[in-house]
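The values are calculated or read from the model by the stated rules, or taken from the named source; none is laboratory data. Not measured: the values here are computed from a predicted model. Positions of Cβ are generated from backbone atoms using ideal geometry, with glycine treated the same way; all protein chains shown enter the neighbour counts. We work out accessible area using only protein heavy atoms, side chains counted, and drop any ligands, DNA or RNA first. Shrake-Rupley method; radii C 1.70, N 1.55, O 1.52, S 1.80 Å.
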Amino acid sequence: MDSKSSLEVWHGETLRATWKTPQKIKEQFRSASILKNNRVVFNISGNKYRLIVSIDYGRQACFIRFIGTHKQYDEINAEVV
């Protein structure tokens with residue numbers, strides 16, 4: 001496979017990001033959904049997959065909480081997973 005996967009692209013962009021607020025994430029990823037408790041949902045591969053991360057803005061760290069299909073995402077509580 002010679003092209004990067006959507007998740008690899010997201011990862012690369014996240015490593016270079018310096019997000020200080022949820023609004024900065026929305027500027028970069030317009031389709032991202034901002035949730036409570038510093039959680040963000042990203043649509044991956046044209047919304048085929050969902051990625052939920054918890055973000056520590058002070059430490060500039062993302063913690064992956066969930067990666068799954070849209071159907072799997074519908075079966076969880078994104079704010080507590």
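At the residue level, Lys20 shows approximately 140 square angstrom of accessible surface with a 1.4 angstrom probe and all protein chains present. Matching the structure-derived Kirkwood radius over Cα pairs in Å against the labelled list (i) 12.3; (ii) 18.1; (iii) 13.0 gives the label (iii).
Putting +1 on Lys and Arg Cβ atoms and -1 on Asp and Glu Cβ atoms, find which of Val9, Ile25, Val81 reaches farthest to the positive end of the dipole of the chain. Among Val9, Ile25, Val81, the one farthest towards the positive end of the dipole of the chain is Ile25.
Placing unit charges on the Cβ atoms only, positive for Lys and Arg and negative for Asp and Glu, gives the chain a dipole magnitude near 220 debye about its Cα centre. Summary value for the chain: 21 percent relative contact order, contacts being C-alpha pairs under 8 angstrom separated by 6+ residues. The count of lysine pairs in the chain that are at least 8 places apart or cross chains, and whose C-alpha atoms lie under 17 Å apart, stands at 5.
Taking θ as phi - 60° and the Karplus parameters 6.51, -1.76 and 1.60, the scalar couplings of segment 48-54 work out to 6, 10, 10, 10, 10, 10, 9 Hz in sequence order, x denoting glycine and proline. Note that the chain presents 68 Å² accessible area per residue, ligands and nucleic acids not counted, probe 1.4 Å.
Using a 1.4 Å probe on the protein chains only, how many percent of the accessible area of the chain belongs to carbon and sulfur? Can you show the working numbers first?
Working: 2700 of 5470 Å².
Roughly 49 percent, rounded to a whole number.
Label-to-label distance for Ser33 and Asp56 is 2.6 nm, based on points extended 7 Å past Cα in the beta-carbon direction.
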